[in-house]
1. Taking the stretch 397-439 as the search range and keeping residues that are in a loop (DSSP other than H, G, I, E, B) and aliphatic (A, V, I, L, M), which one is modelled with the lowest pLDDT?
2. Restricting the search to the stretch 212-224, which residues are under 27 Å from Gly316 (Cα atoms) and surrounded by fewer than 17 Cβ atoms within 10 Å (Cβ to Cβ)?
3. Regarding Gly311, is this residue at positive phi, surrounded by fewer than 19 Cβ atoms within 10 Å (Cβ to Cβ) and touching a residue at least 12 places away in the same chain (Cβ under 8 Å)?
4. Which condition breaks for Val472 when tested against (1) surrounded by fewer than 22 Cβ atoms within 10 Å (Cβ to Cβ); (2) touching a residue at least 60 places away in the same chain (Cβ under 8 Å)?
5. State the number of residues belonging to the stretch 456-500 that are in a strand (DSSP E or B), of a type outside the set (A, V, I, L, M) and closer than 22 Å to Leu431 by Cα.
6. Given (1) touching a helix residue (DSSP H, G or I) at 6+ places or on another chain (Cβ under 8 Å); (2) farther than 22 Å from Asn442 by Cβ; (3) not aliphatic (A, V, I, L, M), identify the lone condition not met by Glu357.
7. Among the candidates Lys575, Lys625, single out the residue that is more than 27 Å from the chain's Cα centre (by Cα), modelled with pLDDT of 80 or more and more than 30 Å from Lys376 (Cα to Cα).
Amino acid sequence: MHKEKLIGIFLLCINIFGLLSWVFPESSGVLGRSFVNFIKNFFGVYLILFIVFEGFIMYYLLFKEIEKQKLISLSLYFLSFLGVFSLLIKVLNLSKYQGQIGSLLLELFPYIGFSGYIIFSFITLVIAVFLSPSLKDISKKRVRNLNTETLRKPERSPKKVVKEVSKENLSMTFPRERKLKCDFAIPTSILSYSQAKFENEDYEQMAKNLEETLKSFKIEAKVKDWNVGPSVIRYNIVLSPGIRVSKVLSLSNDIALALAVPSVRFEAPVPGKSVIGVEIPRSKPVKVYLREILESDVFTESKHPLTFALGKDLIGNIKVANLSEVLHLLIAGTTGSGKSMFINSLIISLLYKNTPETLSLLMIDPKRVELSIYNKLLGRYLRHPVVTEPKKAVFALRWAVGEMERRYEIFERKEVRNIEEYKNLNDEENLPYIVIIIDELNDLMMTSPKEIEDLICRLAQKARAAGIHLVVATQRPSVDVITGLIKANIPSRIAFAVSSQIDSRIILDDGGAEKLIGKGDMLYHPITSSHPVRLQAPYVDEKDIKNVVNYILENTSELLMEPISLESLDKEEEKGEISDFNDPLLPQVIELLKGRKVISTSYIQRKFSIGYNRAARLLDTLEEKGYVASQGEGKPRKVLRGGDEV
């Protein structure tokens, strides 16, 4: 049982004892009668006010979480009414009922007078009203109601699109949108939550130990202050003149050993301060629940539909981000680091901010178990069942590239530059935001590395303005998985705990991720910042995910969108119908054969300034048509027919 509840029970027992002694004085005994006489003589008529105040205190101790701000607010209300009571006693001449506390208060009357009492009561009442948490709850509720109204009453309902689709687009199987029927807002009450309890830790003793440890290495430093986060304490130290920062940074392992902690990370300097931050893991970390972030003002007041929860920083401030600002996300972390949990919290955040009209998800999960729970959302938020086969993952990314190009054609016709401007037109065709989530890039890069890299890079370069965003995660951040091209095109990174400094440098271009303690401890480095920020990722369990998915199913009676089909694309490729036979360069390449005995891929590349893949496919097409023949591995193709025979 918590200490607060024990105090509440103790106060309740005292009050019951006092009440019984007051009502039945003959049966109360000497102790009861003495207690009642003391209350009457000391409090007098002020007892009414004290009983009301104590009742609120007991209520919060027994049934609510009492916070410092609530306690201050109640105390100020009490002081305000105390002044009003004193004025009433003076005006009504009830001095014989005032008790000892009234005598003490009325002794101040000759010095401050009526005006002093009135000003004191008014000021304390105003401060109490402004500090009252109930006002914040009302404003927060208003914001949520506005958001709910926005979700329940979309400004426009897209009509059925009837347009002629080209054969090329049919191979990509783009769906025609149906009229959406969505009338729900997901409540946060279905998510688990527990009030964070900060256990008492001896921060001052740890600060002294840190100073003594540095002193043992002949480094004079003083701990200026410290910040207590959910899982990490950052001590800000000031070095004596003449001591090099590099000397302190080289002692991370020695300091961790001396302080008996798993690891120590330095931030030198702390942004905006002339101090070095020494980040030490807490002995009893505190969970950051996703529900707390979703109910926060920071999240509810954010207007953009792609806002998602990040977690809490080292000061305890709630942090959120916007996919449209970070463009795309690259996430890395070993098993148990909290990477998959963060992906789930990102998905849940997006579901809370959007209806199926405004958001579509495309998920790729080669591990088959992490994202399969979202398969029930097919036709609502999900455009295709969670892709688990690497070959189908290629088709899914090809579909995304085709959708991106289709949207750019629409933007060109409508004379707009991006999806935000298009949405302002209130056009009849609805274009929801599309978020592509790849949970394990490593498995895909082992099967089709070149094509996967090309497709991801193409989407990362152009898809943002079309409303398509990538979230790519891997547990093995090696150079053959996170290639230079992928890193260059996905500038926003999140690093959870990794096994080595090399892995940290691959994902962040800097060390530090190897010092993280796991379980949601992460470094967030967005494109908008020059340095990473340490955060504690939100916690969401499988039960919460099931509750959200089931709520969506219960409140959407039919499919809101037609799922896309990747199977048709797969069959066409198996039949050999998908090729570069219709490549616009094919006639020119055939003309190039005239007068030549051999031709190579590199020659076609140089001649037409195209990539290797396209040149190789053109050459394979020529061989299928009988224009050239293979002469063996690594040799140029022999020309059989020239351009004059086209």
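1. We begin by selecting, within the stretch 397-439, every residue in a loop (DSSP other than H, G, I, E, B); these are 415-418, 425-432, 439.
Next, only the ones that are aliphatic (A, V, I, L, M) stay: 416, 425, 431.
Values: Val416: 91, Leu425: 86, Leu431: 90.
Checked the stretch 397-439; the qualifying residue modelled with the lowest pLDDT is Leu425.
2. Those that are under 27 Å from Gly316 (Cα atoms) and surrounded by fewer than 17 Cβ atoms within 10 Å (Cβ to Cβ): Lys222, Lys224.
3. Working: at positive phi: yes; surrounded by fewer than 19 Cβ atoms within 10 Å (Cβ to Cβ): no; touching a residue at least 12 places away in the same chain (Cβ under 8 Å): yes.
Against the criterion (at positive phi, surrounded by fewer than 19 Cβ atoms within 10 Å (Cβ to Cβ) and touching a residue at least 12 places away in the same chain (Cβ under 8 Å)), Gly311 does not qualify.
4. Tallying (1) surrounded by fewer than 22 Cβ atoms within 10 Å (Cβ to Cβ); (2) touching a residue at least 60 places away in the same chain (Cβ under 8 Å), Val472 fails exactly one: (1).
5. Step one: list which residues in the stretch 456-500 are in a strand (DSSP E or B), which gives 468-474, 492-495.
Of the ones still in play, those that are also of a type outside the set (A, V, I, L, M) are 469, 474, 492-493.
Narrowing further to those that are closer than 22 Å to Leu431 by Cα: 469.
Number of matching residues: 1.
6. Result: Glu357 fails condition (1) only.
7. On the way: Lys575 fails: modelled with pLDDT of 80 or more.
Of Lys575, Lys625, the one residue that is more than 27 Å from the chain's Cα centre (by Cα), modelled with pLDDT of 80 or more and more than 30 Å from Lys376 (Cα to Cα) is Lys625.
So that you can scan it fast, the table gives a plain yes or no per residue for (1) at pLDDT 75 or above; (2) polar (S, T, N, Q); (3) out of contact with any Phe, Trp or Tyr (no Cβ under 6 Å at 6 or more places or on another chain):
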residue: Leu6; (1), (2), (3): yes, no, yes
residue: Ser27; (1), (2), (3): no, yes, yes
residue: Gly32; (1), (2), (3): no, no, yes
residue: Leu47; (1), (2), (3): no, no, yes
residue: Glu54; (1), (2), (3): no, no, yes
residue: Phe63; (1), (2), (3): no, no, yes
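The values are calculated or read from the model by the stated rules, or taken from the named source; none is laboratory data. This structure is a prediction, so every number in the text was calculated from the model and none was measured. Please note: Cβ atoms are built from the backbone with ideal geometry, for glycine as well, and neighbour counts cover all protein chains shown.
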